[in-house]
Each structure stands twice: as C-alpha cells, then as structure tokens.
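The values are calculated or read from the model by the stated rules, or taken from the named source; none is laboratory data. Quick caveat: nothing in here was measured; it's all calculated off a predicted structure. Heads up, the Cβs are rebuilt from the backbone with ideal geometry, glycines too, and the neighbour counts pull from every protein chain shown.
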C-alpha cells in the first residue's frame with residue numbers, strides 16, 4: 001500500500017448525476033390511448049417521466065498518490081462513474097475537472113477486432129492506449145514477450161480463450177505509465193498461472209502512476225492495492241476514507 005504523497009489534486013468531480021428515463025409497459029390499445037389523450041391532454045403530454053439515478057450527486061477529489069478502491073454491489077454505478085471520469089460518458093449534471101492523462105481499462109475485449117491476430121490487435125490498441133508515443137513497436141514487442149503467448153500471438157484473436165485475451169491486453173496496458181489509471185475488474189479473466197506474474201507487474205505499474213482508481217469485488221485485492229476506499233450504494237457515496245472501514249461499510253450492505 002502506498003501513502004498519499006501530497007495534497008496535489010489531479011481530478012475533481014462535483015455533483016455528478018447520471019440518470020435514465022423509466023418507461024413502464026402498459027397494455028393499452030389505441031382506443032385507451034385516445035381516451036387518455038382526450039380526457040386529460042395536459043397530463044397525457046406533460047406528465048413528468050420517472051427517473052432512475054445511476055449516479056446521484058457524487059462529489060470527490062483524486063489526489064496525487066491516491067490509490068482509490070471503489071466497492072459496491074452490482075448495478076450501483078461503479079462502471080458508470082469510471083466511464084464518466086475517463087471521458088467515455090457525459091453526466092447529465094455536474095462537472096469533472098482534470099489536467100491529468102487518464103487511461104481506463106474496463107474489459108479485455110474492448111476495442112478488439114476478432115478477425116485480426118493478437119499481434120495486429122496489440123499494435124492497433126497500442127496506438128489507442130498511447131497516443132503520445134511516436135514509436136509504439138518496442139512497447140508492443142515487450143508486451144507480447146511478457147504475455148508468453150508464443151506462436152499464438154499470430155493467430156486470430158477470436159481463437160483466444162478468455163485467459164489468453166487477458167494475458168495480452170493486461171501485458172499491453174501495463175507496458176507504459178500514465179497519470180491516472182482506471183482499472184475496472186480487469187483481473188477476473190486472467191488464468192491462475194499468469195495471475196501472480198501480472199499482479200506483480202500491475203503493482204509496479206500502479207506505483208508508477210500518479211493515482212489509481214481500482215474497481216473490484218475482492219476485499220483482498222482492495223487491501224493489497226489501495227490506500228483509500230469509496231463505497232457506492234444506490235448511486236451515492238456511502239463511505240469515503242480508510243480502507244478497512246470502507247470494506248466494513250461495503251460488507252454491511254450485503
């Protein structure tokens with residue numbers, strides 16, 4: 001575990017709200033719809049729609065040296081929050097301020113072209129992951145060697161097992177450092193033989209980043225990686241602070 005190095009703020013999120021309009025299925029025929037529209041046109045046209053808040057007024061700061069673990073039951077907004085921080089989604093309300101470079105990994109299959117080989121996919125993804133690097137070939141070659149895929153690197157990616165996919169993508173993403181690293185349950189697919197090797201590499205990679213946001217359901221992984229915990233529940237921050245107290249807060253939800 002790494003302590004928070006300074007009070008330097010790398011990212012600030014204020015009042016984030018992400019919601020969806022709920023549409024309930026009503027078994028009405030055309031006659032019922034017509035009667036509703038004629039009998040009460042104002043209510044029919046302007047009745048407010050019910051909203052489901054995935055994130056509801058979420059505010060926090062990411063400081064240099066922070067290794068933030070995000071805990072929460074499925075569907076509580078963890079991935080939505082990470083996608084907003086990474087610029088992949090825009091919240092309906094609230095602001096995100098940052099001058100840091102952010103790299104986010106959500107799924108080892110994201111951005112993959114199944115018909116291409118592992119090597120070809122690694123080259124394309126490297127250009128996506130590391131846009132500021134002029135020569136990505138050394139990075140790709142190092143990642144391929146680390147993945148230990150051998151001759152499988154030159155067969156179509158669609159032939160890869162989930163473990164092989166994880167080997168290649170995790171080896172690639174951890175080959176070059178960034179300011180803020182977002183990892184959303186990316187270790188789940190890696191096979192047991194590669195887990196120890198990639199975990200050690202990712203630890204070093206996390207230590208070299210200025211800050212890390214780590215989403216996991218594993219309390220042991222959170223303890224090992226993080227120095228701060230956020231617990232999300234029903235779209236709100238239930239707890240933000242000490243790791244052990246955060247894990248206790250999370251476990252009390254279940």
Could you look through the stretch 209-227, keep only residues that are touching a helix residue (DSSP H, G or I) at 6+ places or on another chain (Cβ under 7 Å) and surrounded by fewer than 20 Cβ atoms within 10 Å (Cβ to Cβ), and pick out the one that is nearest to residue 65 (Cα to Cα)?
227
If I ask for residues that are part of a helix (DSSP H, G or I), touching a residue at least 60 places away in the same chain (Cβ under 8 Å) and more than 14 Å from residue 184 (Cα to Cα), which ones from the stretch 220-248 would you list?
223, 224, 243, 246, 247
Is it true that residue 120 is farther than 25 Å from residue 13 by Cβ and in contact with a strand residue (DSSP E or B) (Cβ under 8 Å, 6 or more places away or on another chain)?
no
Tell me which residues, restricted to the stretch 122-132, are surrounded by 14 or more Cβ atoms within 10 Å (Cβ to Cβ) and part of a loop (DSSP other than H, G, I, E, B).
130
Total residues in the stretch 170-182, condition at pLDDT below 85 and outside any loop (DSSP other than H, G, I, E, B):
2
Looking only at residues in the stretch 88-121 that are surrounded by fewer than 17 Cβ atoms within 10 Å (Cβ to Cβ) and under 11 Å from the mean Cα position of the chain (by Cα), which one is nearest to residue 251 (Cα to Cα)?
107
Can you name the condition, by its number, that residue 199 falls short on among (1) in a helix (DSSP H, G or I); (2) in contact with a helix residue (DSSP H, G or I) (Cβ under 8 Å, 6 or more places away or on another chain); (3) within 16 Å of residue 105 (Cα to Cα)?
(2)
Given the residues 152, 193, 205, 146, which is the only one that is farther than 19 Å from residue 104 by Cα, assigned to a helix (DSSP H, G or I) and either at pLDDT below 85 or under 17 Å from the mean Cα position of the chain (by Cα) (or both)?
193
